[in-house]
1. Say each of SER525 and SER261 gets a label point 7 Å from the Cα, pointing the same way as Cα to Cβ; how far apart are those two points in nm?
2. Counting only DSSP beta bridges with both residues in the chain, tell me the antiparallel percent, nearest 5.
3. Once phi is turned into ³J(HN,Hα) by the Karplus curve 6.51 cos²θ - 1.76 cosθ + 1.60 with θ = phi - 60°, what whole-Hz value does each residue of region 233-239 show in order, with x for glycine and proline?
4. If packing is taken as the average count of other Cβ atoms within 10 Å, what order do 550-558, 3-11 fall into, highest mean first?
5. Among the trypsin sites (Lys or Arg not before Pro) within region 355-443, which fall in a DSSP loop and have no more than 13 other Cβ atoms within 10 Å of their own Cβ?
6. What ranking of THR18, THR449 emerges when the number of other C-beta atoms within 10 Å of each C-beta is taken as an exposure proxy, fewest first?
7. Can you give the FRET efficiency for GLU220 and SER106, using 1/(1 + (r/R0)^6), R0 = 51 Å, r = Cβ-Cβ distance, to the nearest 0.05?
8. Please give the net charge around ASN311, taking every other residue with its beta carbon less than 10 angstrom from that of ASN311, where Lys and Arg add +1 and Asp and Glu add -1.
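Derivation of every value follows stated rules applied to the coordinates shown; laboratory data play no part. Please read all numbers here as calculations on a predicted model, not as lab measurements. Virtual Cβ from ideal backbone geometry, glycine too; neighbours counted across all protein chains shown.
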Amino acid sequence: MHGPLAHRDDTVDTYHGTPVADPYRWLEDAAAPDTLAWVEAQNAISEEYLAAIPAQAALRERMTALWNYPKYSVPSHKGTYYFYSKNDGLQNQSVLYRQERLQGTSTLVIDPNTLSEDGTTALVTQSFSRDGTLLVYGLSRHGSDLQELHIRQVESGVEYAEVIHRGRFPSVAWKRDKSGFFYNRLPEPGSVPPEDQSNYSQVYWHALDTPQSEDRLVFERPDFKELSFSPFMSDDDEYLMLRVWHGTDPKNRFYYRKVESDGSFMRLLDDADASYDFTGNDGSIFYFQTTLDAPRKRIIAIDSEHPQRANWREVVPQQDDAIEFALMVNHQFVITYLHDAHHEIKIYSIDGRYERDIPLPAPGSIVEVAGEHDQTELFFSFTSFLYPSTIYRYDFTDGALTLYHAPELDFDAGGYQTTQVFYSSKDGTRIPMFLTHKKRLKLDGSNPTLLYGYGGFDISLTPTFSVPALVWLEHGGVYAVANLRGGGEYGEAWHLAGTLERKQNVFDDFIAAAEWLIANEYTRSSRLAIQGGSNGGLLVAACMVQRPDLFGAVICQVPVIDMLRYHKFTVGRYWISDYGNAEANAEDFKFMYAYSPLHNVKAGVVYPATLILAADSDDRVVPAHAKKFAATLQAAHAGENPILLRIEMKAGHGLGKPTTKLIEERSDIWAFLFARFGMV
């Protein structure tokens with residue numbers, strides 16, 4: 001089952017002497033009447049199909065009940081107040097509060113649920129002045145990555161009149177005197193060619209109570225238009241720092257100058273030879289976590305007054321485990337390491353001496369941390385597959401770790417278990433995978449199994465709690481998460497092993513995970529589903545095209561599909577360091593064309609039941625990818641399995657998606673899988 005077949009045209013491009021047909025190019029024009037009519041018809045068919053599944057209503061009811069518990073962010077201490085976000089349970093957006101003491105009375109700061117009737121306006125950026133009296137907050141509408149910045153007096157709630165526009169992934173750096181802040185923005189529409197709208201990043205100074213038109217340009221690099229700049233302040237507010245990045249390439253640059261200076265920025269790190277993440281400073285001594293000569297990262301110190309490389313000093317050497325992130329609290333290093341794809345926290349002195357571990361309750365993930373270099377407390381949020389996000393407070397004065405907030409929800413985790421297994425990929429590489437399911441699971445090959453993966457951009461899939469996963473588990477499902485190459489689980493070498501001409505390794509790793517699950521009798525092909533989103537959408541699409549016999553169902557969310565043209569849309573050019581550029585490079589074209597899902601669908605093949613999901617306002621991965629893939633599959637598919645396309649309206653790549661839309665989407669996905677596997 002699928003909607004009406006899309007018409008084909010005769011569009012053909014030539015790549016390095018090879019003609020490549022693109023018959024559904026017209027679907028790239030989202031506003032064209034033909035595109036709108038086709039999408040409307042596809043959505044109608046998908047909605048009718050999903051609504052007719054008997055389990056859908058019960059799934060939505062159970063998912064809503066499980067979702068309905070209070071969720072807190074970690075508190076951050078600014079001035080005399082703690083600030084935190086809370087969602088009562090089913091609120092579309094979390095609400096920002098403050099309180100004077102950790103157990104004190106809370107006061108509302110901002111409730112984004114009042115900013116739109118349908119909950120699609122999200123509060124996604126928060127930057128407080130050092131004393132916590134002023135706040136810059138960024139709003140995203142309909143899931144867009146573009147934000148508008150507003151300014152508020154925290155105590156009175158009074159808003160400044162000016163609104164700052166054109167911020168994509170904005171950073172804000174307040175001056176200590178609160179006279180204004182530095183921020184980054186993109187060019188005014190029309191001032192550059194359309195293809196450069198995500199280029200030419202600039203840093204500006206904004207003085208409070210003045211219009212954006214009067215903001216002063218502080219820094220730009222028109223000679224290198226693809227560089228982006230994220231401003232922030234040093235720990236002592238003496239230096240204005242710029243993290244300089246080039247798309248998703250982890251190799252970055254770092255510039256700085258004195259805050260009160262009008263002089264040039266010092267290009268302390270400008271070779272893009274490694275990743276350099278600023279960790280803190282002690283006067284002129286800057287600390288970085290870096291992959292320089294350390295693919296699993298180490299901490300180094302650079303004296304900005306004597307910046308020659310010969311003077312650089314190693315503080316914390318590279319370990320067997322990779323550093324996930326590091327920060328300075330209480331003038332000490334708090335370092336989170338990745339040990340076989342789960343987190344461990346260690347504390348080191350400022351001179352690099354190991355001091356202690358902070359014990360964690362189970363193999364899992366640190367998803368949020370808060371603490372300042374001159375504070376004696378650290379807050380972090382811990383989670384795992386069966387462990388909802390739980391907040392702890394660590395006191396540096398006495399080494400005490402205390403539970404600050406533990407959620408309560410209607411699910412008994414005692415009947416379930418998570419184990420970690422290791423399997424061999426096609427080339428013999430050892431790959432970890434987490435399996436969560438009911439205890440005493442019968443290994444008879446009959447269990448409905450959902451295999452999830454990502455495998456890209458140095459992103460690690462550590463154990464994470466998910467309400468939808470609980471619903472899957474309750475109905476006897478196995479939930480598997482494979483830690484594929486391309487991620488950061490074992491450092492930069494692991495990441496690079498899944499990039500560019502090595503991208504096929506990622507697909508091989510995922511296919512091998514599926515084969516392991518079948519060989520070990522957790523499931524069989526007809527009861528095995530795969531799921532992934534964004535780069536993970538590329539993953540599942542490539543794997544289903546390469547091995548359509550291996551899977552019973554495919555959930556392909558906001559996917560990157562057309563590998564020959566992805567760099568032409570919105571911020572697609574950010575991803576060239578991982579994917580390559582088929583248009584500009586003949587060698588890149590060879591390996592990208594070989595796996596590009598859009599170009600490897602074959603007519604007359606029976607493909608698995610497939611649900612493709614995208615969003616109309618997605619300005620990160622444009623929905624044209626999903627549309628063209630659905631049209632191509634539907635025309636080529638020789639079987640009776642449904643190939644459905646679901647385009648969410650007034651939604652984006654996932655940023656700030658309201659709770660109602662999340663529950664609807666996840667319920668539809670589960671209903672689709674339940675129908676395929678005969679689950680009730």
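1. It is 6.4 nm.
2. Of those bridges, close to 85 percent are antiparallel.
3. Rounded to whole hertz, the list is 9, 5, 4, 9, 6, 8, 10.
4. On the way: 550-558: 23.8, 3-11: 13.8.
The peptides rank, most packed first, as 550-558, 3-11.
5. On the way: sites: ARG356, ARG393, LYS426, ARG430, LYS438, LYS439, ARG440, LYS442; in loops: LYS426, LYS439, ARG440, LYS442.
In loop regions of region 355-443 (DSSP not H, G, I, E or B), the sparsely surrounded trypsin sites (Lys or Arg not before Pro) are LYS426, LYS439, ARG440, LYS442.
6. The most exposed by this proxy come first: THR18, THR449.
7. Values: r = 42 Å, r/R0 = 0.82.
Plugging the Cβ-Cβ distance into 1/(1 + (r/R0)^6) gives 0.75.
8. So the surrounding residues net to 0.
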